[in-house]
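Derivation of every value follows stated rules applied to the coordinates shown; laboratory data play no part. Worth saying up front: this structure is predicted, and the values here are computed from it rather than measured. Cβ coordinates were reconstructed from backbone atoms using ideal geometry, including for glycine residues, and neighbour counts include every protein chain displayed.
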Amino acid sequence: MIFSVHVEVRLRPGIADPQGSTIEKALPTLGFDGVKGVRVGKSIRFDIDAADESAARAEADDLCRRFLTNPVIEDAVIHVEAGAAAGATS
Amino acid sequence: MSLRVGVVVFPGSNCEQDMLEAMALVGAEGELLWHGDETTNGVDAVIIPGGFAHGDYLRPGAIARFSPVMAAVAEFAASGGPVVGICNGFQVLTEAGLLPGALQKNRGLKFLCAPAELRVESTDSILTRSAEAGSVLQVPINHFEGNYTCDAETLAQLRDEDRIVLRYVDNPNGSVDDIAGVCNAGRNVVGLMPHPERATSELLGSTDGLALLRSIVA
């Protein structure tokens, strides 16, 4: 069964995020004065063929830990849904 | 007989020829090791040079660590063989788990290409054993992701075990504790962001890199 997976890769709390802070510093010049805590991450999507949702999640967890994130500086939020992602071409 | 030094080439490496020239200057015989071969080919030392291995896709070093040669490099390192990662090579070694920590984007988000002053903090490593403790070397940096970071526990361990081998005199990139280079517990694996192979001739502005490169082949 096919599951679509969405991985949000984020810098771990406490890790400096120069991209986020640069964006945040630019916002007041556009008139956005109330925006705080900007953090920049990555969004990665793929489909997994697995027996059930927990198997798909376990595989995605393993994939994130060993490849998609560097656990020294990053962590990931993993979303799993039944069915291939809309717009998938393969 | 001169020592044989293997210089690993990934798709996207770009400092390997400079490193071969530098090895000749310190009396060693450099040879290229292709990333797709599962061997270090019996060399006496391994250098992972700078560049953009596998395009730096995902993260610098993230894909290079899966190249077939890296299992052989890890085995070579585990047996005590000297392994040095320079710039992108340092990023590869951290991603491969052969060195602690990680390299983030520079503080200030600028690609930095400039001379840097490095202080030799420990001479107990295969990259610094021929250098003078406390001496300041002028060696260029050339990186976007050279901001060394690690957790507090790792930093304490690096300090306690005298494994911070080089520090920036004037921290250019935001690295924690001014770290420019670190070694592993066995002191035979060293990573640094600056490029000693680009400080090997007066024509290049400095010959201070030679003290480091001589250490590898000492």
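Cut-off 10 angstrom, C-alpha nodes, Gaussian network model of chain A. Which of A:46, A:67, A:32 fluctuates the most? Result: A:32 has the largest fluctuation of those listed. If both residues of a DSSP beta bridge must be in the protein assembly as shown, then about 70% of such bridges are antiparallel. Taking B:29, B:75, B:117 as the candidate residues, the one with maximal mean-square fluctuation in a Gaussian network model of chain B, Cα springs under 10 Å, is B:75. Here is how the number arises for chain B: DSSP H runs of 4 or more residues each give -39500 (n - 2.57), the sum is divided by the residue count, and the result at 222 nm is -6000 deg cm²/dmol. With R₀ fixed at 35 Å, the C-beta to C-beta distance from residue B:135 to residue B:160 puts the FRET efficiency at about 0.90.
Secondary-structure-derived ellipticity at 222 nm for chain A, considering helices only, amounts to -6500 deg cm²/dmol, per-run term -39500 (n - 2.57) for DSSP H runs with n ≥ 4. Counting other Cβ atoms within 10 Å as a rough exposure proxy, the listed residues B:19, B:193 run B:19, B:193 from fewest neighbours to most. Which one of B:28, A:80, B:6 has its Cα pushed farthest toward the positive end of the charge dipole of the protein assembly as shown, where Lys and Arg give +1 and Asp and Glu give -1 at the Cβ? Of the options given, the answer is A:80. Farthest towards the positive end of the charge dipole of region A:2-82, among the residues A:50, A:16, A:68, is the Cα of A:16, using unit charges on the Cβ of Lys, Arg, Asp and Glu.
Other residues with beta-carbon under 13 Å from the beta-carbon of residue B:97 carry, at +1 per Lys or Arg and -1 per Asp or Glu, a net charge of +2.
If the chain linking residue A:29 and residue A:52 were pulled fully straight, counting 0.36 nm for each residue of separation and taking away their Cα-Cα distance, it would gain 3.4 nm. A cut-off under 15 angstrom between Cβ atoms defines the neighbours of residue B:71, and their net charge, with Lys, Arg +1 and Asp, Glu -1, is -2. Going from the fewest other Cβ atoms within 10 Å to the most, the residues A:47, A:62, A:17 appear in the order A:62, A:47, A:17.
By how many nm would the segment from residue B:109 to residue B:57 lengthen if fully extended, with 0.36 nm per residue of separation less the alpha-carbon distance?
Separation in residues times 0.36 nm, less the Cα-Cα distance, equals 16.9 nm.
Give, in nm to one decimal, the length gained when the segment between residue B:119 and residue B:31 is fully stretched (0.36 nm per residue of separation minus the Cα-Cα distance).
On the way: separation 88, 0.36 × 88 = 31.68 nm, distance 2.96 nm.
Separation in residues times 0.36 nm, less the Cα-Cα distance, equals 28.7 nm.
Give me the distance between the Cα centres of region B:121-140 and region B:175-190, rounded to whole Å. Rounded to whole Å, the Cα centres lie 12 Å apart.
In plain terms, the bigger the Kirkwood radius, the slower the diffusion; for region B:123-207, with that radius from Cα pairs, at 37 °C and 0.692 mPa s, Stokes-Einstein puts D at 242 µm²/s.
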